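Here's the structure we're looking at; comments come further down.
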Amino acid sequence: MSRFEDEIAAEAAPGGCPAVEMVIRGRVRDIGGLNVARLLPYAKRRAIGPFVFFDRMGPVGFAPGTGLDVPPHPHIGLATLTYLFQGAIVHRDSLGTVATIRPGAVNLMTAGHGVAHSERTAPEDRPGGSVLDGVQIWLAQPKPEEQGTPGFAHHAAEDLPELRIGTGITLRVVAGEAYSARSPVEAPGGALCLDLALDDGAALEVPDAAPERGLVVIDGAVLIDGEPHEAGMLAVLRAGSRPRLQAADGAARVMLIGGPPLDGPRSMWWNFVASDPALIEEAKRDWASGDPRFPAVAEESDRLPLPQY
């Protein structure tokens, strides 16, 4: 267990109702001047379906003249899914992509055998200051795909299905399928990702839509079978359970993530995910040496060095 995992081990507790296996509270980290609450990975729960990493970004206000600045950095063996509630990020990668993501849209970058990218606030959004709020998710690629060709796809907000479920609930299908609506986002590993906005007091039965599931409270507070959960918590649901989810003390926003179990354990180090640790060692050497498997990122000259840990 790494020191980081030791730290977050104290932030989890058994579920307070039969439907919840455990509750994980995110630990705040600084990433390029942005506070994030990291919910996955966790020492005792490495993945939920194909989801191996979940950062709740912000909300953070950037002062005039400043913004998000994450220089080019590498990935292997995963897909990054970025989804915003507020603000904008300019994505540049070693495939030549330059794409700005805004609220409700999805950026899905597939790393395969190797890709590098940067994430920054656009120059035009810096003079007056800005707010950034969203999530960034890593999905482990299935073993046959983890050394495949990298790729990138942008999906506009209006392309994601949006449904009204019952009274006072709006659901967006970010990835996967729910309530007979399918997202165009081709996330790996059979990923399911739903964005649920609940009016005060609104409630629904959480669908048993994937073998492994987790509920991330984004904003507000909710009751899961009567047990309170606050923003920044991840409730890992037991297989087959159908708990009652209700907004408490005002409106709430929740994301449901899940999917089939991974096709075997994954090793993670820095920005690398692999079924074989030897692949991570190769990626370390290649990034440090400037190997062509990680080409330069468009319009970028700096890059993150290999960390010393």
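The values are calculated or read from the model by the stated rules, or taken from the named source; none is laboratory data. The structure displayed is predicted, hence computed values, not measured ones. So basically every Cβ, Gly included, is an ideal-geometry build from the backbone, and we count neighbours across all protein chains shown. Note: areas computed on protein heavy atoms with side chains; ligands, DNA, RNA excluded. Shrake-Rupley method; radii C 1.70, N 1.55, O 1.52, S 1.80 Å.
A single entry from 127, 184, 103 fulfils the requirement of being out of contact with any helix residue (DSSP H, G or I) (no Cβ under 9 Å at 6 or more places or on another chain), open to solvent by 20 Å² or more (accessible area, probe 1.4 Å) and part of a loop (DSSP other than H, G, I, E, B): 127.
All of 288, 296, 239 fail the test of being small (Gly, Ala, Ser), out of contact with any helix residue (DSSP H, G or I) (no Cβ under 6 Å at 6 or more places or on another chain) and not in a loop (DSSP other than H, G, I, E, B), apart from 288.
Out of all the residues in the stretch 38-49, is one or more under 15 Å from the mean Cα position of the chain (by Cα), surrounded by fewer than 21 Cβ atoms within 10 Å (Cβ to Cβ), touching a residue at least 12 places away in the same chain (Cβ under 8 Å) and not in a loop (DSSP other than H, G, I, E, B)? Checked against the condition, which is being under 15 Å from the mean Cα position of the chain (by Cα), surrounded by fewer than 21 Cβ atoms within 10 Å (Cβ to Cβ), touching a residue at least 12 places away in the same chain (Cβ under 8 Å) and not in a loop (DSSP other than H, G, I, E, B), the stretch 38-49 yields at least one hit.
Does the stretch 64-77 contain at least one residue that is open to solvent by 20 Å² or more (accessible area, probe 1.4 Å), over 30 Å from residue 236 (Cα atoms), touching a residue at least 60 places away in the same chain (Cβ under 8 Å) and touching a Phe, Trp or Tyr at 6+ places or on another chain (Cβ under 6 Å)? No, the conditions are met nowhere in the stretch 64-77.
Of the residues making up the stretch 251-272, one or more are more than 30 Å from residue 145 (Cβ to Cβ) and surrounded by fewer than 17 Cβ atoms within 10 Å (Cβ to Cβ). Of the candidates 181, 221, 235, the single residue that is free of Cβ contacts under 8 Å to residues at least 60 places away in the same chain and more than 28 Å from residue 154 (Cβ to Cβ) is 221. Looking across the stretch 252-309, just one residue is among the acidic types (Asp, Glu) and in contact with a Ser or Thr (Cβ under 7 Å, 6 or more places away or on another chain), and that is 300. In the stretch 151-163, the residue that is most open to solvent (accessible area, probe 1.4 Å) out of those that are within 26 Å of residue 118 (Cβ to Cβ) and of a type in the set (A, V, I, L, M, F, W, C) is 152.
Identify the residue in the stretch 169-181 that is buried (at least 20 other Cβ atoms within 10 Å of the Cβ) and β-branched (Val, Ile, Thr) and, among all such residues, is nearest to residue 208 (Cα to Cα). Restricting to residues being buried (at least 20 other Cβ atoms within 10 Å of the Cβ) and β-branched (Val, Ile, Thr), the top hit is 173. For the structure I just gave you, tell me whether residue 80 is among the hydroxyl-bearing types (Ser, Thr, Tyr) and either free of Cβ contacts under 8 Å to residues at least 24 places away in the same chain or in contact with a Leu (Cβ under 9 Å, 6 or more places away or on another chain) (or both). So residue 80 passes the test. One residue stands out in the stretch 187-200 among those that are under 11 Å from residue 139 (Cβ atoms) and in a loop (DSSP other than H, G, I, E, B): the one that is least open to solvent (accessible area, probe 1.4 Å), namely 191. Considering each of 214, 148, 166 in turn, give the residue that is at pLDDT 95 or above, of a type in the set (Gly, Ala, Ser) and either part of a loop (DSSP other than H, G, I, E, B) or surrounded by fewer than 20 Cβ atoms within 10 Å (Cβ to Cβ) (or both). Selected residue: 148, the only one of 214, 148, 166 that is at pLDDT 95 or above, of a type in the set (Gly, Ala, Ser) and either part of a loop (DSSP other than H, G, I, E, B) or surrounded by fewer than 20 Cβ atoms within 10 Å (Cβ to Cβ) (or both).
The set of residues from the stretch 283-309 being buried (at least 16 other Cβ atoms within 10 Å of the Cβ), more than 15 Å from residue 111 (Cα to Cα) and among the acidic types (Asp, Glu) comprises just one member, 300.
Among the residues of the stretch 273-282, how many are surrounded by 15 or more Cβ atoms within 10 Å (Cβ to Cβ), in contact with a strand residue (DSSP E or B) (Cβ under 8 Å, 6 or more places away or on another chain) and outside any strand (DSSP E or B)? So the answer is 4. Does the stretch 112-121 include one or more residues that are of a type in the set (A, V, I, L, M), open to solvent by 10 Å² or more (accessible area, probe 1.4 Å) and out of contact with any helix residue (DSSP H, G or I) (no Cβ under 9 Å at 6 or more places or on another chain)? Among the residues of the stretch 112-121, not one is of a type in the set (A, V, I, L, M), open to solvent by 10 Å² or more (accessible area, probe 1.4 Å) and out of contact with any helix residue (DSSP H, G or I) (no Cβ under 9 Å at 6 or more places or on another chain), which makes the answer no.
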